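The values are calculated or read from the model by the stated rules, or taken from the named source; none is laboratory data. On a predicted model such as this, the values are computed, not experimentally measured, just so you know. Note that we place each Cβ from the backbone using ideal geometry, even for glycine, and neighbour counts take in every protein chain shown. With ligands, DNA and RNA removed, areas are computed over all heavy atoms of the protein, side chains included. Shrake-Rupley method; radii C 1.70, N 1.55, O 1.52, S 1.80 Å.
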Amino acid sequence: MDLDAFRMLLAPAGRGALDEAVKILADGADPVAAASALRRSHPADLAAAALTQASLRRRAAAKFGPDAAVMYFTPHGLEQATRPEVAAHRASRIRAGGIQAAGEFEGGPAVLDVCCGIGGDLLALARAGCPVDAVDLDPLTVEIARANAAALGLSSLVDVRTGDAALADPGGYDLLFADPARRGARGRTFDPMAYSPTWPVVLDLVARAPAACLKVAPGIPYEFIPEGAEAEWVSYRGEVKEAAIWTGVGAGGRRATLLPSGATLTASGAEAETGPVSRYLYEPDGAAVRAHLVAEVAALVSGRLLDPRIAYITSDRLVRTGWAPCYEVTDVMPFSLKRLRAALRERRVGAVTVKKRGSAVDVERLRKDLRLSGDNSAVVVLTRIEERPFALLCQPMTSADG
């Protein structure tokens, strides 16, 4: 979909075509039949744009909920957009972060959003009462972000323009929000030097901003985190979604946050001991692992590490916490395919969930080699303890919702 095709969708005829496309797809028509039906009443290019957008809205419902029904997307923009729950968490931190709104702006802190994409974060910021000036290099993306703000009644707080983030001036705003592109010609990149704009350019923008929030990949190398900044890893329903680097907001150091609960964990100086396998095994949430806060999770459950380099915690206590799913350990054995298969067959286990940390075992190959049958289920944890591979048979305990 190009810019002209998208603009057709915003006109009255385009809105009618889009509404019709949404209804046709909702009625279960396949793509070929849907295109044929829509072309009977609309030009081919408008029909194609409407069907593309209707299909994207259906996909977007899983991420954006009811808002998806009135929003606009591109395939790449939908994939890369921040989940609303994560964006709302970040916006609430900005609104409550002690940043004083200055200058001509009223309400919340004035934000410059560079690399705004289709607007996932700028919409959350506007809903939190922050006036937002947004910039993106792609004219189609800018048009979509602007249309999304209008569709959700936020245009009075949002201004979106086409521009190069590297040329933006964050000095006239209370906070810089930057979401540099992490995808190149060969796909997703994990090297900040390959971001667009590159990491040095991003850091130059940060240096000229009173405060800043940078959205980055969860696997960002720690040496790229600026000295004195706070690095926050965010997990949504047990899956690490992203990290954010904060300057001028927060106390610095490392933070892990669980959503939707909003529970947060910061470094306390705790040190975790190591010890033998006890009755319960805890698997720390990935946000805590990324933030190097496993010792803090161990303290929450009165636990010890099985191995000082692996994020599995063992404890005699059952503690229900969103920070770590808990499993009751039924068997502990040095890893051996033959021995593991025999133990599972003896317990009539036909379905296994395999988890591993510090193990080189190919999980899919293991599943085939186990050749299981039976009515029971189990969790198999593969790990290393003092350089020796082990298998732990476990049963899951109900944990608090993160």
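Two decimals is fine: what is log10 I(q)/I(0) at q = 0.12, 0.14, 0.19 Å⁻¹ for segment 19-169, from a Debye sum with one equal scatterer on every Cα and no solvent?
With no solvent term, the Cα-only Debye profile gives -0.55, -0.71, -1.10.
Run the 1.4 Å probe and let me know the accessible area of THR398, rounded to the nearest 10 Å².
110 Å²
Enumerate the aspartates and glutamates that LYS241 could reach by cross-link, defined here as Cα to Cα under 16 Å, with residues fewer than 8 away along the same chain left out.
Partners within reach: GLU79, GLU85, ASP121, ASP179, GLU232, ASP285.
Using only the Cα atoms of segment 146-285, what do you get for the radius of gyration and for Dmax, in Å?
Cα radius of gyration and Dmax of segment 146-285 are 18.3, 60 Å respectively.
Using the Cα centre as the reference, give the magnitude of the dipole from point charges on the C-beta atoms of the chain (Lys, Arg: +1; Asp, Glu: -1; all else neutral), rounded to the nearest 20 debye.
That gives a dipole near 1840 debye.
By Kyte-Doolittle mean hydropathy of at least -0.5 and Cα axial length of at least 27 Å, which whole DSSP H helices of the chain are selected?
Helix filter hits for the chain: 44-64.
Can you give the percent of C-alpha pairs in segment 288-402 whose distance is more than 17 Å?
Value for segment 288-402: 57 percent of Cα pairs lie more than 17 Å apart.
Tally Lys/Arg at +1 and Asp/Glu at -1 over every other residue whose Cβ is under 15 Å from the Cβ of SER41; what's the total?
Net charge around SER41: +1.
Pick out, from ALA54, ALA263, TYR327, the residue whose Cα sits farthest towards the positive end of the charge dipole of the chain, with +1 on the Cβ of Lys and Arg and -1 on the Cβ of Asp and Glu.
TYR327
Solvent-accessible area of PHE190, probe 1.4 Å, all protein chains present, reported in Å² to the nearest ten, please.
140 Å²
Could you give the length gained on full extension between ASP369 and THR264, defined as 0.36 nm per residue of separation minus the Cα-Cα distance, in nm?
Net length gain for the segment: 33.7 nm.
What area, in nm² and to one decimal, does the C-alpha convex hull of segment 144-196 cast on average over all directions?
5.3 nm²
Can you give the local net charge around ASP179? Use residues other than it whose beta-carbon is closer than 10 angstrom to its beta-carbon, Lys and Arg +1, Asp and Glu -1.
Counting the neighbours of ASP179, the net charge comes to -2.
When the helices in the chain are scored as -39500 (n - 2.57) per DSSP H run of 4 or longer and the sum is shared across all residues, what 222 nm value do you end up with, to the nearest 500 deg cm²/dmol?
-9500 deg cm²/dmol
With every protein chain kept in the model, how would you rank GLU85, GLU271, GLU386, GLU283 by accessible area, 1.4 Å probe, largest at the top?
So, going from the largest accessible area down, we get GLU271, GLU386, GLU85, GLU283.
Along the charge dipole of segment 188-242, pointing to its positive end and built from +1/-1 on Cβ of Lys, Arg, Asp and Glu, which listed residue (GLY238, ILE225, MET193) has its Cα farthest out?
It is GLY238.
Using bins 10 angstrom wide from zero, how does P(r) for the chain break down, in % of all Cα pairs?
For the chain, the binned pair fractions read 5, 19, 24, 21, 18, 11, 2, 0 percent.
Ordering LYS338, LYS23 by accessible area with a probe of 1.4 Å, largest first, what comes out?
LYS338, LYS23
Sort largest first and round to whole Å: the equivalent ellipsoid semi-axes of segment 237-293, each the square root of five times a Cα gyration tensor eigenvalue.
24, 15, 9
Between THR274 and residues 5 or more places away or on another chain, which pairs have amide H atoms under 5 Å apart, with H built 1.01 Å from N, and which residues are they?
LEU305
Considering just Cα atoms, how many Å³ per residue does the convex hull of segment 1-86 enclose?
Hull volume over Cα atoms, normalised by residue count, gives 91 Å³.
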